[in-house]
Structures are given as C-alpha cells and as structure tokens.
Amino acid sequence: MTKFSELGLAENVLRALTSEGYVDPTPIQQQAIPPLLEGHDLLGIAQTGTGKTCAFATPLLTRLQKFPQAVRPKTTRVL
C-alpha cells in the first residue's frame, strides 16, 4: 500500500492528511496502520521524524469514529 487512501483510514482523517500535504505513508506508517486498524497491539521502532505518531494516531482516530461508545464516568477509551 503506497498511499494513505489505500490503508482504510476514515474519510475525515484522510482529508486532514491531504490538507496538510501528506499523500504517501512512510515505511513505519505502511506497516503499522493496517494491524492497528484491526485492533492489534503493536510495538514499532523507527528513527525520529519518520511518522510514528501519525502511524499511531490515525488508526486510533479511525477506530474511535468507527466504534463510538457513550462516555462512562471515570473510564478511558484510549491510553
């Protein structure tokens, strides 16, 4: 998969990436996003500046949107 649009991210996440000029995912993003979208745990190691935060945050935002839940007191959905 060589484009963010091929990774299965939510449309609003793709629009945000596109508006910031991101089209092609880095290797860590290509490898990390698909299993994270499936809900798997992942440990990723890559050099600073390679997009690890994006590799974590974009599937997280997509899953929060795809599986909405009511906010319960004193709970967290993401850590």
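Report, in deg cm²/dmol and to the nearest 500, the calculated mean residue ellipticity at 222 nm for the chain, where each DSSP H run with n ≥ 4 adds -39500 (n - 2.57) and the sum is divided by the residue count.
Result for the chain, helices only: -13500 deg cm²/dmol.
Among the helices of the chain (complete DSSP H runs), which have Cα atoms covering no less than 15 Å along the helix axis and a Kyte-Doolittle mean of at least -0.5? Intermediate results must be reported in sequence, preceding the final value.
Values: long enough: 27-37 (16 Å, 0.28); 52-66 (22 Å, 0.05).
For the chain, where a helix must reach 15 Å along its axis and average at least -0.5, the hits are 27-37, 52-66.
Over the Cα atoms of the chain, what Rg and Dmax result, in angstrom?
13.1, 41
Looking at 29, 17, 60, which one has the Cα that reaches farthest to the positive end of the dipole of the chain (charges on Cβ: Lys, Arg +1; Asp, Glu -1)?
Projecting each Cα onto the dipole axis, the largest value belongs to 60.
Could you work out how much longer the chain between residue 67 and residue 15 gets when fully extended? Use 0.36 nm per residue separation minus the Cα distance between them, nm to one decimal. Before the final figure, lay out the partial values.
Details: separation 52, 0.36 × 52 = 18.72 nm, distance 1.96 nm.
That works out to 16.8 nm of additional length.
I need to check one value: relative contact order of the chain, counting alpha carbon pairs closer than 8 Å and at least 6 residues apart, in percent.
31
Laboratory data are not the source of any read-out in this text; all were calculated from the coordinates shown. Because the structure is predicted, anything quoted here is derived from the model rather than measured. Cβ: placed from backbone, ideal geometry, glycine included. Neighbour counts: every protein chain shown.
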